[in-house]
Amino acid sequence: SQDKGFHVEKALLHVFSRSTSYTPVQIVQMEELVEGEKVHYNIPAELNSIHPVKLVQDFLLEGFAERCPVSMKEEPFPFLISAKRLQTCCHGVDNLQCYWIHPLQKELTFHIQEKDAACSNTKATLYPSKSDKVRSKGTECLQPICCHDVNLEVEGGLYMLRPSLRPQLEELLINKEDIDAAQPQEEIDKGFEVEGSKKEEACQGCNGASSLLFGISGVVFRSVPISLWALPAFHELLLTGVFPLESEPVKLILHELETLLSPYGVSIVTEEGGLHLVAQPIGLIGKVFSSDTADSNKHVTVSASLNLDLLAVLLFSVPDWRLLWSHDPRFLKQFSLRPPPGTSFQPFSLHPESFSFDISFWTGPAWEEKRFYAIVREASRGTVEQVKLIDTFSHPDLSQTSYCYRLIYHSHTHALSHTQALRFHKQLEVLLSSRLQVTIR
């Protein structure tokens, strides 16, 4: 059994399955060059080519190809970007949701061998243990900082794990413009002739707009609370193109997205700063926005940002987004034959049990809730589905505040028992006391 009483009223709901051992999330150690120095840090392991996230991306690109072909850029992009790039490129991204890091002078924590100097700027290798802290930078290391310490106007040398792909896409477009400007006109004309009639047909389908959209996709990171539909890491698909104003390009992009996604319950809502794609009960899954170009009287840049992970949950009826990052062979096997969108995922257990535990503690004025969420994820091995703040109390005489949180443990990949959930909860108390110096009540 699962170490709990077996009641008659729940007898038909208990579906037991063979469970694998609880292991940390697969982590990839990344290496990049930042200001001429090698930087090491960890991110979640990437997904394979038959994953539902990849199937959703292929479905969207094939749908757009009928009207406006998409040129996808496959080269790797750095995961670290500077604070200045956030201000200039990532409009609409809340800096409170960024994983901010700052280089500090410290001793080496990684010994970089001379032979590594010949390696490429970015590479990934499997790393055996989980850590949500950035490790080293030559003679420096990158240390996470609290979000309310960030002042974008005065901070220098400040970096973050990329919260969006917009900086990389804008850089690609700028480089393309520079190449086109340096290319002789005869070669440009010859290139257009080689393209042939396909581009002309696509251009007609786009009502006179540019026949080509540029796109990139990759993992982005957001420092968010633990809740049902808040993803700390997800795959973003970003599409953009420059269109003549008279072609009404925003309506064009919306029409294509609505045609592809409306059968799955996606609707379009007008919000401040752009148009949002929403679905219930998930919420926001994408945005469509426009920006002016150099000749703003004739052309406009239109972009669409889509959360591929949430779309995969929606299109394949996946009960929990955490399954997308499980690397469970039972999960991947269901998508090995590349089923079309609309094929429902078959869960491993029909009625996985959930368990609720409360935790309360005293803490000082320097309380950082984001560090609390990080420790919850680590202690629970990703089995906490939701965290709710249910009570706070500030002592009138002492500079201390009491917080009470309710944690809901729920797993779709393991046969989670009451005893195992309680063991995770006790480990959480130990980590909170040692790392955040809180007093458990």
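Some notes on this structure:
- Residue in the stretch 371-389 that is free of Cβ contacts under 8 Å to residues at least 40 places away in the same chain, touching a Ser or Thr at 6+ places or on another chain (Cβ under 9 Å) and assigned to a strand (DSSP E or B) present: yes
- When the stretch 324-372 is limited to residues that are of a type in the set (D, E, K, R) and under 24 Å from the mean Cα position of the chain (by Cα), the one that is surrounded by the fewest Cβ atoms within 10 Å (Cβ to Cβ) turns out to be Lys333.
- Entry remark, the stretch 376-391: residues being among the hydroxyl-bearing types (Ser, Thr, Tyr) and either open to solvent by 60 Å² or more (accessible area, probe 1.4 Å) or farther than 15 Å from Leu323 by Cα (or both) number 1 in total.
- On the stretch given as the stretch 393-421, residues that are within 30 Å of Phe331 (Cα to Cα) and over 29 Å from the mean Cα position of the chain (by Cα) total 3.
- Yes/no for Leu284 being within 29 Å of Gly382 (Cα to Cα), free of Cβ contacts under 8 Å to residues at least 40 places away in the same chain, open to solvent by 60 Å² or more (accessible area, probe 1.4 Å) and not in a loop (DSSP other than H, G, I, E, B): yes
- Restricting attention to the stretch 20-53 and to residues that are open to solvent by 70 Å² or more (accessible area, probe 1.4 Å) and of a type in the set (D, E, K, R), the residue that is modelled with the lowest pLDDT turns out to be Glu35.
- Subset tally (residues that are closer than 17 Å to Gly63 by Cα and either open to solvent by less than 40 Å² (accessible area, probe 1.4 Å) or at pLDDT 90 or above (or both)) for the stretch 211-229: 6
- Residue among Ser303, Ser317 that is in a loop (DSSP other than H, G, I, E, B) and touching a Ser or Thr at 6+ places or on another chain (Cβ under 7 Å): Ser317
- Residue-level check: of (1) open to solvent by 20 Å² or more (accessible area, probe 1.4 Å); (2) at pLDDT 80 or above; (3) assigned to a loop (DSSP other than H, G, I, E, B), Cys68 misses just (1).
- Residue match in the stretch 356-365 (condition: in contact with a Ser or Thr (Cβ under 7 Å, 6 or more places away or on another chain), under 30 Å from Phe214 (Cβ atoms), modelled with pLDDT of 95 or more and outside any helix (DSSP H, G or I)): no
- Any hit, the stretch 294-315, residues being surrounded by fewer than 21 Cβ atoms within 10 Å (Cβ to Cβ) and at positive phi: no
- Gly241 in contact with a strand residue (DSSP E or B) (Cβ under 6 Å, 6 or more places away or on another chain), open to solvent by less than 40 Å² (accessible area, probe 1.4 Å) and at pLDDT 60 or above: yes
- Of all residues making up the stretch 392-441, the number that are in contact with an Asp or Glu (Cβ under 6 Å, 6 or more places away or on another chain), part of a strand (DSSP E or B) and open to solvent by 30 Å² or more (accessible area, probe 1.4 Å): 3
- Verdict on Val288 being β-branched (Val, Ile, Thr), at pLDDT 90 or above and within 30 Å of Ile43 (Cα to Cα): yes
- For the stretch 71-107, taking the residues that are open to solvent by 20 Å² or more (accessible area, probe 1.4 Å) and part of a strand (DSSP E or B), the one that is modelled with the lowest pLDDT is identified as Gln105.
The values are calculated or read from the model by the stated rules, or taken from the named source; none is laboratory data. Source: prediction; values computed, not measured. Positions of Cβ are generated from backbone atoms using ideal geometry, with glycine treated the same way; all protein chains shown enter the neighbour counts. With ligands, DNA and RNA removed, areas are computed over all heavy atoms of the protein, side chains included. Shrake-Rupley method; radii C 1.70, N 1.55, O 1.52, S 1.80 Å.
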